[in-house]
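**Student:** The structure is given below, and queries will be raised subsequently.
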Amino acid sequence: MQSLNIGDLSVKLPIVQGGMGVAVSLSGLASAVANEGGIGVISSAAIGMTDPGYMKNFHEANKRALRKEIREAKSKTNGVLGVNIMMALTDHEELIRVTIEEKIDIIFIGAGLPLKIPAIIAKAGLNGHHTKLVPKVSSAKAANLIFRYWASRYNFVPDAVVVEGPMAGGHLGFKKENLEGNMIPLHILVEETVKAIRPFEKTFEKTIPVIAGGGLHSGKDVYDIMQAGAKGVKIGTRFVTTHECDASLEYKESYLAAEKEDIVIIDSPVGLPGRVVKNKFVQQIMNGETKPFKCPWKCLASCNFREAPYCIAQALFNSARGNMDEGFAFAGSNAYMATEINSVSDVITDLVAGYNRESFLRQLSVTRRVKAHVQRRVAV
């Protein structure tokens, strides 16, 4: 495996740990991945729910909790750290400001088009920062739109881009009908995105790596997608069933107990489809049951909390803390393949070994074909 270079930032391994919320990937998981040479990522989604004072002022709690987790992660590692921030969060501007003030290495920006992020950063007086800005998209079209907008308005472009396919876990940037049938293969999305940003690499004379995510489980998967043009991979599901993951044991065990048919798509109350592990709670909401709640803060801009059947932030926090009867686990399409809880080091070692094994087999196959071709020509 080659290192991943994002501007002047060099990462030993091209493995980005997915930012998973609520409270699934915090300082514990992020620092462990960073210590192994990858990019560890803290999820900022409703992170304030981990703060004792969140009911009094949720947005202030979010900022306090995010600072706390960033500083805690930095105290445990000298590796590369990132924060995942959703544009759909009503306080995403404040969270971006906190993240840059804390001098995090990378911000991954998803769940919306981050067209005005550079202007937001400039307005906050944070120009000159060294934090890399990496949008997450589900299509080359979206990547092209972001890059064109930034290039024309701000005269620079993102440092990298993550393209996430339809087999990912959590909220997804695809229509429901595109998640239960003819899904667009991730390698096609990668190839199209690489092609879309190539002109911007030439114009700005910089390398802009494409990072691929969604359904990647093995070292072979990593090798295959990098042959399609990806320079790095984003993997979330594999890191959930690790000792260092910040989620509860019950959350992790829901993966271990899952069969393939238990990984299902639900209609999230925030207007997006989501991939989850089916359990009692999921079955109830799929049957049309509601979970009445009061919303004191409206954490997601797209949430019509007056009509929502349940609070997704609360459901996710419940499960992260072990109350699976009142929540559920987001999961990638291959979550059912988990068989045990092991360490982050074990996961990284397995991915690298699988990648190297596939690389060796491919090279061996090429060598054999060349040798056979030469022998045929000699025989003639």
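The values are calculated or read from the model by the stated rules, or taken from the named source; none is laboratory data. Bear in mind the structure is a predicted one, so any value in this text is a computation, not a measurement. Cβ: placed from backbone, ideal geometry, glycine included. Neighbour counts: every protein chain shown. Please note that ligands, DNA and RNA were not included when accessible areas were found on the heavy atoms of the full protein model with its side chains. Shrake-Rupley method; radii C 1.70, N 1.55, O 1.52, S 1.80 Å.
**Student:** Output the number of residues of segment 59-97 satisfying the condition of being out of contact with any His (no Cβ under 6 Å at 6 or more places or on another chain), under 28 Å from residue 212 (Cβ atoms), surrounded by 21 or more Cβ atoms within 10 Å (Cβ to Cβ) and of a type in the set (A, V, I, L, M).
**Tutor:** Final tally of qualifying residues: 10.
**Student:** Limited to segment 332-371, what total is found for residues that are at pLDDT 95 or above and of a type in the set (A, V, I, L, M, F, W, C)?
**Tutor:** Within segment 332-371, residues that are at pLDDT 95 or above and of a type in the set (A, V, I, L, M, F, W, C) number 10.
**Student:** Taking the stated definitions as given, is residue 118 free of Cβ contacts under 8 Å to residues at least 60 places away in the same chain and open to solvent by less than 30 Å² (accessible area, probe 1.4 Å)?
**Tutor:** Answer is yes for this residue.
**Student:** For residue 123, which of the numbered conditions (1) modelled with pLDDT under 95; (2) of a type in the set (D, E, K, R); (3) surrounded by 19 or more Cβ atoms within 10 Å (Cβ to Cβ) fails to hold?
**Tutor:** That leaves (3) as the condition not met.
**Student:** While we're looking at this one, here's another question. At least 2 residues that are in contact with a Phe, Trp or Tyr (Cβ under 8 Å, 6 or more places away or on another chain) and open to solvent by less than 20 Å² (accessible area, probe 1.4 Å) in each: list the helices (runs of 4 or more DSSP H) lying fully within segment 193-295 that qualify. Walk me through it before giving the result.
**Tutor:** Details: elements: 219-227, 237-240, 249-257, 280-286.
Result: 219-227, 280-286.
**Student:** Is segment 79-87 home to any residue that is small (Gly, Ala, Ser) and either touching a residue at least 40 places away in the same chain (Cβ under 8 Å) or touching a strand residue (DSSP E or B) at 6+ places or on another chain (Cβ under 7 Å) (or both)? Working first, answer last.
**Tutor:** So in segment 79-87, the residues small (Gly, Ala, Ser) come out as 79, 82.
Keeping just the survivors that are either touching a residue at least 40 places away in the same chain (Cβ under 8 Å) or touching a strand residue (DSSP E or B) at 6+ places or on another chain (Cβ under 7 Å) (or both) gives 79, 82.
Within segment 79-87, one or more residues are small (Gly, Ala, Ser) and either touching a residue at least 40 places away in the same chain (Cβ under 8 Å) or touching a strand residue (DSSP E or B) at 6+ places or on another chain (Cβ under 7 Å) (or both).
**Student:** So which pairs qualify, if the first residue must be in segment 226-248 and more than 16 Å from residue 21 (Cβ to Cβ) and touching a residue at least 60 places away in the same chain (Cβ under 8 Å), the second must be of a type in the set (Ser, Thr, Tyr) and not in a loop (DSSP other than H, G, I, E, B), the Cβ gap must be under 7 Å, and the two must be at least 6 apart or on different chains?
**Tutor:** Final answer for the pair search is 241/255.
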